[in-house]
Amino acid sequence: MSEFYRILYIEGTGNLEGGGQISLLELLKKLNRKKFEPVVICPFKGNLTSRLESMGIKTIIVPMSSPKKNLFSFIFSIK
């Protein structure tokens, strides 16, 4: 029997702002969906969440602080 894994990605924005988001999209495009189910948490809807949803990737909106402004607040908002 084959194992199936869920992978949670936490993104600090809902928009496609730069290299980190582009890398995430490229990684998820190439991820073996027969073995892995990606789920992405974003703080708000934007063009990144739209792209993820169009790829069939489950996207959950969780209002949270920006990790750029206050890392500790960001971590506690996820918790």
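The values are calculated or read from the model by the stated rules, or taken from the named source; none is laboratory data. This one's a predicted model, so the numbers in the text were calculated from it and none came from an experiment. For neighbour counting, all protein chains shown are included, and Cβ atoms are generated from backbone atoms with ideal geometry for every residue, glycine included.
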Kindly list the number of the only condition in (1) surrounded by 12 or more Cβ atoms within 10 Å (Cβ to Cβ); (2) polar (S, T, N, Q); (3) at pLDDT 95 or above that fails for Asn70. (3)
Filter the stretch 31-45 for residues that are within 11 Å of the chain's Cα centre (by Cα) and not hydrophobic (A, V, I, L, M, F, W, C) and give the result. Pro38, Pro43
In this structure, is Ser65 surrounded by 13 or more Cβ atoms within 10 Å (Cβ to Cβ), of a type in the set (S, T, N, Q) and modelled with pLDDT under 95? yes
Restricting the stretch 8-22 to residues that are outside any loop (DSSP other than H, G, I, E, B) and under 11 Å from the mean Cα position of the chain (by Cα), the residue that is surrounded by the most Cβ atoms within 10 Å (Cβ to Cβ): Gln21
Cβ-Cβ under 7 Å, sequence separation 6+ or interchain: first residue in the stretch 1-29 and under 17 Å from Pro43 (Cα atoms), partner in a helix (DSSP H, G or I) and of a type in the set (Ser, Thr, Tyr). Which pairs? Gly14/Thr49
Which pairs have Cβ atoms under 7 Å, sit 6 or more apart or on different chains, and link a residue in the stretch 33-51 that is closer than 16 Å to Ile7 by Cα to one that is of a type in the set (A, V, I, L, M) and in a helix (DSSP H, G or I)? Pro38/Leu28; Val40/Leu52; Cys42/Leu48
Could you please let me know if Leu48 is part of a helix (DSSP H, G or I), surrounded by 16 or more Cβ atoms within 10 Å (Cβ to Cβ) and either at negative phi or at pLDDT below 95 (or both)? yes
Being modelled with pLDDT under 95 and hydrophobic (A, V, I, L, M, F, W, C) is the filter; apply it to the stretch 23-45 and report the residue that is surrounded by the most Cβ atoms within 10 Å (Cβ to Cβ). Cys42
